[in-house]
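Quick notes on the structure that follows.
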Amino acid sequence: MIEFLKKNKLLLIALSLLAFLYLVSPEKGQVATGNALSNFASVGMVLPPIFIMIGLLDIWVPKEVMVKYMGNRSGLVGGLLAVFLGSVGAGPLVVAFPVAALLIRKGAKLSNVFLFLGAWTSVKLPIFMFEWANLGGIFTSVHVLTSLFVYVIGGIIIEKTLSHSNKKEILERAQKVA
Amino acid sequence: MNGVFYVVAGGMLLASFLKDKKKTRKALMKAYKSFMKNLKMLVGMMVLMGVVFSLVSADTISQLFGQESGLYGILLGLGIGTVSFIPSFIAFPLGATLLENGAGYPQVAGFLSALMGVGIVSLPMEIEYFGKKAAILRNLSAVLASILFIVIIGGIL
């Protein structure tokens, strides 16, 4: 029972908040349900292909290959690959988490994983074109360049800040969600 | 756009199947298992975001921004971007509308950049994946990226 509660903590908290909202204001509750459904419709569509790709890569990409290209001594290539992977992603940041976990499991350097997440939030190609169309080239270019600048340095600093046991925990968590 | 992902995933699946049926079956089992594990968290996230967005709607944001400017507006933009979840296909046109209605570039920049990179609502899920410390540090780096973006945009636009 307690195990069940623990495993579904997030879902249970969210559902009780929704129930509470319905009690306070049924109208808002309906709006929230509608929002949740439309969020799910937009994100849900992209999930099946992403998880199929994660599953295939998990089986076919040997750990040595990931270590070589994105691991501790991958250097510039690892960083460029991280930005590339982030920029061809689809969906909001939460969709990137399982992909990041795959990279971690396979031995990618943590700074590259954080750079990947940063790229996912700022340089995704479809979004990039859409942003350019809506807000103009200067706005979009400055957004992308400042983001990459901060995330390259930020990724390195985050990795340096994490202790040995932090890193072990991250690896364990990445293996747990597989 | 999603279609591209279905085509690529389908192509990879076919190639994998032709090369090794057993391995492909294993990959699909893995995909299914990790999909189900993530689904519970994702549904929780979506409901949570639905609740927040029902309280902080696009209209509310437009009203709050209205004619605001200066540091107050910037902090407001950062704050709202941090706590809300709006799909980017709504967020960017919203940003353009805000600009048309007299909001400043730095405010809109802070709002959009925080919206994309900083996630208070998704923090519980991020912690599930990377642990507390890494998740918080990553969000902090996204706040820093937003601030740098605001400063530079404020200087040139």
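Bear in mind these aren't lab numbers, they're just calculated from the coordinates by the rules spelled out. The shown structure was predicted, so the numbers you read here are calculated from the model rather than taken from an experiment. Here the Cβ positions follow ideal geometry from the backbone for every residue, glycine too, while neighbour counts run over all protein chains shown.
Tabulated values for the structure
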{"read-out": "Residue with peak Gaussian network fluctuation, chain A [Cα springs, cutoff 10 Å], from A:Ala14, A:Ala90, A:Ala32", "value": "A:Ala14"}
{"read-out": "Residue among B:Ile74, B:Ile147, B:Ile90 with the largest mean-square fluctuation in a Gaussian network model of chain B, springs linking Cα atoms under 10 Å", "value": "B:Ile90"}
{"read-out": "Backbone HN-Hα couplings from phi across the range A:159-174 [Karplus 6.51/-1.76/1.60, Hz, Gly and Pro as x]", "value": "4, 5, 6, 6, 7, 4, 6, 4, 5, 4, 4, 4, 5, 5, 5, 5"}
{"read-out": "Counted charge near B:Met125, where neighbours are those whose Cβ lies closer than 13 Å (Asp, Glu -1; Lys, Arg +1)", "value": "+4"}
{"read-out": "Chain A, Cα convex hull volume normalised per residue, Å³", "value": "162 Å³"}
{"read-out": "Cα→Cβ-extended label distance, 7 Å offset, between B:Leu123 and B:Leu71, nm", "value": "2.4 nm"}
{"read-out": "Over 29 Å (Cα to Cα) - which of A:Lys106/B:Lys19; A:Lys6/A:Lys68; A:Lys9/A:Lys168; A:Lys28/B:Lys33 fall in this group", "value": "A:Lys6/A:Lys68; A:Lys28/B:Lys33"}
{"read-out": "Exercise: per-residue mean of other protein chain Cβ atoms within 10 Å, A:132-144", "value": "5"}
{"read-out": "Isotropic mean projected area of the C-alpha convex hull, the protein assembly as shown (nm²)", "value": "17.7 nm²"}
{"read-out": "Most mobile listed residue (B:Leu137, B:Leu99, B:Leu123) in chain B, GNM with C-alpha springs under 10 Å", "value": "B:Leu137"}
{"read-out": "In sequence order, calculated HN-Hα J values of the range B:96-102 (Karplus, 6.51, -1.76, 1.60; Hz; x Gly/Pro)", "value": "5, 4, 4, 4, 4, 8, x"}
{"read-out": "10 Å Cβ neighbours from other chains, averaged over peptide B:91-100", "value": "3"}
{"read-out": "Sorted peptide list for A:100-111, A:44-55, criterion being average Cβ within 10 angstrom, highest first", "value": "A:100-111, A:44-55"}
{"read-out": "Pairwise Cα inverse-distance average, inverted: Kirkwood Rh of chain B (Å)", "value": "18.0 Å"}
{"read-out": "Along principal axes, Cα extents of the range A:1-45, largest first, whole Å", "value": "33, 32, 9"}
{"read-out": "Average beta carbon contacts from partner chains per residue of B:143-156, 10 Å cutoff", "value": "4"}
{"read-out": "Rounded to whole Hz, the Karplus (6.51, -1.76, 1.60) HN-Hα couplings of the range A:44-52, x for glycine and proline", "value": "x, 4, 8, 5, x, x, 5, 6, 5"}
